[in-house]
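Presented below is the structure to which this report refers.
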Amino acid sequence: MTRDVGIIISAQKVEHYEIAAYGGLVQLAHTMGLEDVAGILHETLEEEKQADVLLTEIAEHNINWEAEHEEM
Ligand SMILES: [Fe+2]
C-alpha cells in the first residue's frame, strides 16, 4: 500500500503537469483566435482535472488509510 501511495502521487504529478500545459495551450489558442482548437484543448484540460480528482479520491478514501495501517 505504501508503494501504491507513491504511484498515486507520481501519477498526480503527471496530471498536474498536463493541467498546466493544457491550461497554457487553451489560453494561447484563444489569443490566436483559434476558438475551435481552444475548445478541443479545453475538453482535454477538463479530462486531466477529472483524472486528478479521481486519484485524490482513491488516495483519500482508500490507499492512504490502508498504507497508514500497514505493518512494517
Ligand atoms: Fe492525464
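The values are calculated or read from the model by the stated rules, or taken from the named source; none is laboratory data. Just so it is clear, the model here is predicted, and its values are computed rather than measured. Here the Cβ is made from the backbone with ideal geometry for all residues, glycine too, and neighbour counts use every protein chain on show. Surface accessibility is based on the protein's heavy atoms, side chains included, excluding ligands, DNA and RNA. Shrake-Rupley method; radii C 1.70, N 1.55, O 1.52, S 1.80 Å.
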For this session: With the condition kept exactly as written, say whether any residue in the stretch 19-42 is in contact with a Ser or Thr (Cβ under 8 Å, 6 or more places away or on another chain) and open to solvent by 40 Å² or more (accessible area, probe 1.4 Å).
Result: yes
Exercise. Only one of these conditions is not met by ILE9: (1) farther than 25 Å from ASN64 by Cα; (2) away from the ligand (no atom under 13 Å from the Cβ). Which number is it?
Worked result: (1)
Exercise. Pick from GLU71, GLU47, GLU15, GLU57: which is touching a helix residue (DSSP H, G or I) at 6+ places or on another chain (Cβ under 7 Å) and not polar (S, T, N, Q)?
Worked result: GLU15
